[in-house]
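The structure appears right after this line, and notes come after that.
The values are calculated or read from the model by the stated rules, or taken from the named source; none is laboratory data. Small disclaimer: the values here were computed from a predicted structure and weren't measured. Reconstructed Cβ throughout: ideal geometry from the backbone, glycine too, with neighbour counts over all protein chains shown. With ligands, DNA and RNA removed, areas are computed over all heavy atoms of the protein, side chains included. Shrake-Rupley method; radii C 1.70, N 1.55, O 1.52, S 1.80 Å.
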Amino acid sequence: MNLDLPPGGILLGLGCDIIEVDRIRGVFERQGERFLARVFTEEERTYCLAMKHPHKHLAARFAAKEAVSKAFTTGIGADLGWKSVSVYHGLRHAPHVRLDAQGAALLAHVGATSILLTLSHTDTMAMAVAALVRV
C-alpha cells in the first residue's frame, strides 16, 4: 500500500467554502439539467448522479469550485468559470482538481503548479478547502 502524501511546496493561496446541501437540492429541483449543465462538468454529473444521495456530492463539488476560486482570489466569473474546475477522484479516492484551459492559465499566472483539495459532507452541509501550491 502506497501511503505517500502528495508533495508539499510553497502555499500561494487558500480557499474554503461551506454550503447547505438543501440549497443545492432546491436549485436542482427548480432548474434541473439547466443548473447541472451550467455548473458541473459531465464527469462530475456522471459521478454525482450515480450516488445514492447525489445532492451531498453535488454540494461538495459546488463548495470545491468556490474554494478554488477563493484560493485564486478571483471568485467565479470572467477569470474562472464554474466548469473551469472539475473534481475527480484519485487512486485512493482522494479528491483532485482538473482545470480547463482558462483555469490552467490562471494557475500558471499565479505561479502555482497544483491544487490540493479536501471535501467533506454530512446530510445537511458540504465543505471544501483548496490550496494553491508551487512545488
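Observations, loosely collected:
Conditions (1) of a type in the set (Gly, Ala, Ser); (2) in a loop (DSSP other than H, G, I, E, B); (3) at pLDDT 95 or above; (4) more than 18 Å from ALA128 (Cβ to Cβ), marked per residue:
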{"site": "ASP17", "(1), (2), (3), (4)": "no, no, yes, no"}
{"site": "ARG34", "(1), (2), (3), (4)": "no, no, yes, yes"}
{"site": "CYS48", "(1), (2), (3), (4)": "no, no, yes, no"}
{"site": "ALA63", "(1), (2), (3), (4)": "yes, no, yes, no"}
{"site": "ALA67", "(1), (2), (3), (4)": "yes, no, yes, no"}
{"site": "ILE76", "(1), (2), (3), (4)": "no, yes, yes, no"}
{"site": "LEU80", "(1), (2), (3), (4)": "no, yes, yes, no"}
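- Matching entry among THR113, THR118 (being under 10 Å from the mean Cα position of the chain (by Cα), of a type in the set (Ser, Thr, Tyr) and within 15 Å of LEU14 (Cα to Cα)): THR118
- Filtered by the rule that a residue be part of a helix (DSSP H, G or I) and either among the acidic types (Asp, Glu) or surrounded by fewer than 19 Cβ atoms within 10 Å (Cβ to Cβ) (or both), the range 84-108 gives ALA101, GLN102, ALA104, ALA105, ALA108.
- Hits in the range 98-110 - residues which are within 13 Å of the chain's Cα centre (by Cα) and touching a residue at least 40 places away in the same chain (Cβ under 8 Å): ARG98
- Residue check for ALA50: open to solvent by less than 30 Å² (accessible area, probe 1.4 Å) and aliphatic (A, V, I, L, M): no
- Cβ-Cβ contacts under 8 Å between residues 6 or more apart (or on different chains), taken from a first residue in the range 27-41 that is free of Cβ contacts under 8 Å to residues at least 40 places away in the same chain to a second residue that is open to solvent by less than 20 Å² (accessible area, probe 1.4 Å), are listed as VAL27/PHE35; PHE28/PHE35; PHE28/LEU36; PHE28/LEU58; LEU36/LEU58.
- If the condition is being in a loop (DSSP other than H, G, I, E, B), touching a Gly at 6+ places or on another chain (Cβ under 8 Å) and hydroxyl-bearing (Ser, Thr, Tyr), then the range 109-122 contributes only THR113.
- Candidate set: the range 26-47, residues that are of a type in the set (Lys, Arg) and surrounded by fewer than 15 Cβ atoms within 10 Å (Cβ to Cβ); chosen: the one farthest from GLN102 (Cα to Cα): ARG30
- So ALA128, is it surrounded by 15 or more Cβ atoms within 10 Å (Cβ to Cβ) and outside any loop (DSSP other than H, G, I, E, B): yes
- Some residue of the range 65-73 being at negative phi and open to solvent by 80 Å² or more (accessible area, probe 1.4 Å): yes
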